Amino acid sequence: MNFNYDPLVFWNPWWSGEKEWLDAYPRETLNEIQRLFERKEILTISGVRRSGKTTILYLIIQSLLDNGINPKNILHINLEDPAYKDNSIYSLYQKYLELVNPSGKIYLFLDEIQEVSDWQREIRKLYDGVPQLKIILTGSNSSLLKGEYARLLTGRTLFREIYPFSFKEFVNIKGLAGSFQKHILIRKRTQIMHHFREYIANGGYPEVVKEKDSKMKTLLLKDYYTSILTRDVLRRYPIRQVKKYEKASHYLISNIANSFSVKSLSSLLSINMHTLEEYIGFLEDVYLLFPVNHFSYSLKKQITYPRKIYCVDNGLINAVSFRFSEDIGKLLENLVFIEIKRRGYEYYYWKDIKECDFIIKDDISIKDAIQVTFSLSKPDTAKRELEGLISALKEFGLKRGIILTHNEFDTKKIDGKTIEVMPVWYWLLNG
């Protein structure tokens with residue numbers, strides 16, 4: 001046992017002048033997060049476990065140090081450290097004051113805030129009672145902004161969600177940084193396709209991207225999945241039938257981009273409908289799985305119509321799902337969904353007689369319709385995808401639609417509508 005271990009000192013290596021504590025890739029969201037950081041409100045960064053939230057904190061801390069902030073005015077507390085168990089946030093803050101005796105503005109970074117019970121009241125106490133204190137939180141649950149949190153901290157917080165690496169971040173890490181103009185991307189097409197193949201298979205989790213060994217990538221992803229199911233869900237929600245909950249999660253992640261009915265699925269899995277709906281809600285709260293509603297002007301139809309399911313990262317799908325063969329079309333569709341979500345759009349799918357994969361809503365109107373398929377080279381596939389998209393364009397009065405494929409460019413004029421066909425990788429980099 002290490003009797004000299006002090007978690008406050010351990011998690012704040014900049015206090016001792018350590019120079020090699022930061023090993024991080026830059027993130028696309030960093031500039032926006034830093035703009036939010038400059039405001040007085042509490043900044044909350046939320047996202048799936050291991051997606052890089054702590055790294056974002058470290059990048060902000062490095063920026064503070066680069067701008068001359070006294071290292072001892074920066075306090076980072078990783079609340080997953082068992083050494084902090086049974087300590088209140090306020091008591092840890094008091095210990096910090098006694099330990100380093102800082103003067104001036106203090107920057108308080110609290111990592112995985114959901115690990116502390118009744119944390120909302122303590123944060124409000126610090127926010128309202130301590131002058132010259134900037135508070136930054138991270139968490140692995142979207143419910144951080146719901147219920148009691150929303151009531152106690154109304155008007156005191158700004159919120160930003162982050163996800164594993166986008167494909168643009170991924171290719172930058174692989175050394176393809178630079179302009180993403182169309183002619184440049186096409187010139188680098190072979191290189192991009194090589195990296196895109198890896199991204200489809202292994203996803204964008206930072207540690208997985210850095211890992212060289214393929215077996216270790218899979219082991220990491222399996223561990224992430226288990227940790228999400230256990231640490232983020234089972235430890236926080238009242239689930240009595242654990243095996244059925246795990247079965248439901250595994251079924252859904254094995255059927256990505258497919259539609260499902262809670263009524264039918266509850267019968268298939270022998271789970272009560274209300275209970276299954278709760279399980280799906282828990283899995284969405286922790287950013288693992290996302291159900292997508294059918295678009296309808298009737299809220300009742302949106303709620304009762306079958307939904308489609310997507311996952312936060314392709315690597316998780318491939319590492320843990322039950323699959324007889326690789327369905328690249330479904331994996332491409334999942335990548336497109338996550339990018340739509342990353343860009344902050346409101347999304348649905350649409351189906352009448354024909355189906356369109358994604359309908360993008362902008363405030364009060366539909367602004368885009370997107371179809372995803374591996375290829376349009378087969379006549380039957382081209383007919384199905386084009387008819388589904390044209391039907392949606394007519395329904396919503398749109399002049400232009402997009403079909404995203406594995407590696408095809410084209411422009412089609414049909415029934416007065418313009419259909420832009422482009423590779424998913426191109427849309428991810430330049431969409």
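The values are calculated or read from the model by the stated rules, or taken from the named source; none is laboratory data. Since the model is a prediction, treat every value here as computed from it, not as a measurement. Note that each Cβ is placed from the backbone with ideal geometry, even for glycine, and that neighbours are counted across all protein chains shown. Heavy atoms of the whole protein, side chains included, go into the accessibility calculation; ligands, DNA and RNA do not. Shrake-Rupley method; radii C 1.70, N 1.55, O 1.52, S 1.80 Å.
Relative contact order (percent) for region 1-134, with alpha-carbon contacts under 8 angstrom and 6 or more residues of separation?
Numbers: 102 pairs, mean separation 36.7, N = 134.
Worked out over region 1-134, it gives 27 percent.
Distance in nm between label sites at residue 270 and residue 83, each 7 Å beyond Cα in the beta-carbon direction?
About 4.8 nm, to one decimal.
Roughly how many Å² is the accessible area per residue of the chain, as a whole number, for a 1.4 Å probe?
I get 48 Å² per residue for the chain.
So for the chain, averaging the separation of alpha carbon pairs under 8 Å that are six or more residues apart and normalising by length, what relative contact order in percent results?
13 percent
What is the antiparallel percent of DSSP beta bridges lying wholly in the chain, to the nearest 5?
40 percent
Would you please give the FRET efficiency between residue 418 and residue 36, computed as 1/(1 + (r/R0)^6) with r the Cβ-Cβ distance and R0 = 35 Å, to the nearest 0.05?
It comes out at approximately 0.40.
Simple spin-label model, 7 Å along Cα-to-Cβ: residue 103 to residue 302 in nm?
Output for this residue pair reads 5.6 nm.
As an exercise, identify the trypsin sites (Lys or Arg not before Pro) in region 384-423 lying in DSSP coil whose Cβ has no more than 16 other Cβ atoms within 10 Å.
399
Pull up all non-local amide H partners of residue 157: gap of 5 or more, or a different chain, and H-to-H distance under 5 Å with H placed in the peptide plane.
Amide H to amide H, under 5 Å and 5 or more residues apart or across chains, residue 157 pairs with 42.
What does the charge dipole of the chain about its Cα centre add up to, to the nearest 20 debye, if the Cβ of each Lys and Arg holds +1 and the Cβ of each Asp and Glu holds -1?
Roughly 840 debye for the chain.
Using θ = phi - 60° and the Karplus curve 6.51 cos²θ - 1.76 cosθ + 1.60, what whole-Hz ³J(HN,Hα) does each residue of region 385-400 get, with Gly and Pro shown as x?
Coupling constants for region 385-400: 5, 5, 5, x, 5, 4, 4, 5, 4, 5, 4, 10, x, 9, 8, 9 Hz.
Could you tell me the relative contact order of region 333-431? Use alpha-carbon pairs under 8 Å, at least six residues apart, and round to a whole percent.
Once divided by the residue count of region 333-431, the mean separation gives 20 percent.
Compare 176, 404, 316 in a GNM of the chain, Cα atoms joined below 10 Å, and give the one with the largest fluctuation.
Looking only at 176, 404, 316, the largest GNM fluctuation is found for 176.
Show me the chymotrypsin sites (Phe, Trp or Tyr not before Pro) within region 311-374 that DSSP assigns to loop and that have at most 15 other Cβ atoms within 10 Å of their Cβ.
322, 324, 345
Just how large is the dipole of region 1-154 about the Cα centre, in debye to the nearest 20, putting +1 at every Lys and Arg Cβ and -1 at every Asp and Glu Cβ? Show your work: numbers first, answer last.
Details: 18 positive and 20 negative charges, 93 e Å.
It comes to approximately 440 debye.
If r is the Cβ-Cβ distance from residue 237 to residue 184 and R0 is 56 Å, what FRET efficiency results, to the nearest 0.05?
0.75
Which ³J(HN,Hα) values, rounded to whole Hz and listed in residue order, are derived for region 49-63 from phi using the Karplus coefficients 6.51, -1.76 and 1.60 in 6.51 cos²θ - 1.76 cosθ + 1.60 with θ = phi - 60°, glycine and proline given as x?
Going residue by residue, I get 3, 6, 8, x, 5, 5, 4, 4, 4, 4, 5, 5, 4, 4, 5 Hz, with x marking Gly and Pro.
Pick from 52, 139, 68: which residue has the top mean-square fluctuation in a GNM of the chain where Cα pairs under 10 Å get a spring?
Among 52, 139, 68, the largest mean-square fluctuation in the Gaussian network model of the chain belongs to 68.
In region 4-69, what chymotrypsin sites (Phe, Trp or Tyr not before Pro) fall in a loop by DSSP, with at most 14 other Cβ atoms inside 10 Å?
Answer in residue order: 5, 21.
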